[in-house]
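Working notes, structure below.
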Amino acid sequence: MSVAERARSPDEAIRLGLEPDVAWYKAQQIHPPIARLCTPTQLADSARIAEWLGLDPTRFGGNNSGENGDGINDDLLGDTGQLPEDANIDVDIKFKDFDSSKFSNILWKCGKCKVATNLISAIRNASCLKCGEQKIETVHIRNLIGLVIRDLQNQAFLGWAKCNSEDCNAITRQVTVEGAGDHCFQESCTGRLKPLHFTSKDLHQHLIFLMELAKKYRPEAVDIVQEAVDANAYDTINLVDLFSALTIRGV
């Protein structure tokens, strides 16, 4: 029987004593938006989300047709349990156009030739680029990474924003309680506040770049970057918190 044939108005359902098809609503109305919400996080694939909802996870694994067992287009849901397609691309290729200027103020200095090297070059090389005699120790790299992470965090947490209205252009760190917190605080201004400089998203991107770089060249220093990424939690959704408020009577 098709969905249209099974559909009933609320009044008719009450009169006939019919129960709603909870599994159908979970699969069609609840699962898709949650899956799309979790897509950037890499935390859970469609099957795992289905399992959290009490559905059959095998029907949400995706297939070549682009639809799962409930007729939901997997292209829209995404496969959040898998790493992005470029996850295995070499970091030097993946981030070849990445603006690493934010790392330029943290330097390693050779003790022999006294030439300073920026952090990115220090991570990529085992010894001084000029004389080749001074080894770039891991302990120094870990210290420099810690310094640059604190510097990036400080920039992101400043929170400066600018009104996008040409008649206003106010610059502030104030956060309003109207709308999404981006309304301009100036009276009678209808503009929106836009991040002026370094945002939380920028911080996350820089941390990911730093972590990928460390994984390739300095694996012994990955933990310090990973700790910062976890604390930043920009791309993280806590599924326990997400589902804790979801209670359906009779299930």
- Message: Here is a list: L207, L242, L246. Which entry is out of contact with any Ser or Thr (no Cβ under 8 Å at 6 or more places or on another chain), part of a helix (DSSP H, G or I) and modelled with pLDDT under 90?
- Response: L242
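Tell me, yes or no, whether the stretch 62-84 has at least one residue that is modelled with pLDDT of 85 or more and in contact with a strand residue (DSSP E or B) (Cβ under 9 Å, 6 or more places away or on another chain).
Within the stretch 62-84, the first condition is being modelled with pLDDT of 85 or more, and the residues that meet it are none.
Checking the stretch 62-84: not a single residue is modelled with pLDDT of 85 or more and in contact with a strand residue (DSSP E or B) (Cβ under 9 Å, 6 or more places away or on another chain).
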- Item | Close pairs (6 angstrom Cβ cut-off, 6 or more residues apart or separate chains): touching a residue at least 40 places away in the same chain (Cβ under 8 Å) and within 27 Å of F198 (Cα to Cα) in the stretch 95-117, part of a loop (DSSP other than H, G, I, E, B) and of a type in the set (V, I, T) anywhere | none
- Message: So V177 ticks every box in (1) modelled with pLDDT under 90; (2) over 25 Å from the mean Cα position of the chain (by Cα); (3) of a type in the set (V, I, T) but one. Which box is left unticked?
- Response: (2)
- Unmet requirement for K130, which otherwise passes all of (1) assigned to a loop (DSSP other than H, G, I, E, B); (2) under 25 Å from Y217 (Cβ atoms); (3) in contact with a Lys or Arg (Cβ under 8 Å, 6 or more places away or on another chain); (4) not aromatic (F, W, Y): (3)
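Inspect all residues belonging to the stretch 129-137 and state whether any of them is among the charged types (D, E, K, R), out of contact with any helix residue (DSSP H, G or I) (no Cβ under 9 Å at 6 or more places or on another chain), at positive phi and outside the structural domain of Q186 (by TED's automatic domain parsing). Steps first, please.
First pass over the stretch 129-137, keeping only residues among the charged types (D, E, K, R): 130, 133, 135, 137.
From the residues that got through so far, the ones that are out of contact with any helix residue (DSSP H, G or I) (no Cβ under 9 Å at 6 or more places or on another chain) too are 130, 133, 135, 137.
Now drop any that are not at positive phi, which leaves none.
Looking for residues that are among the charged types (D, E, K, R), out of contact with any helix residue (DSSP H, G or I) (no Cβ under 9 Å at 6 or more places or on another chain), at positive phi and outside the structural domain of Q186 (by TED's automatic domain parsing), one finds none in the stretch 129-137, hence no.
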- Note on the structure: Quick count over the stretch 153-174, residues being within 29 Å of the chain's Cα centre (by Cα), among the charged types (D, E, K, R) and assigned to a loop (DSSP other than H, G, I, E, B), is 1
- All conditions in (1) closer than 17 Å to I120 by Cα; (2) of a type in the set (S, T, N, Q); (3) touching a residue at least 40 places away in the same chain (Cβ under 8 Å) are true of N143 except (3)
- Query: Looking at (1) loosely packed, with under 13 Cβ neighbours inside 10 Å; (2) assigned to a loop (DSSP other than H, G, I, E, B), which is the only condition R150 fails?
  - Reply: (2)
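The values are calculated or read from the model by the stated rules, or taken from the named source; none is laboratory data. Bear in mind the structure is a predicted one, so any value in this text is a computation, not a measurement. Glycine also receives a Cβ, built like all others from the backbone with ideal geometry; neighbour counts cover every protein chain displayed.
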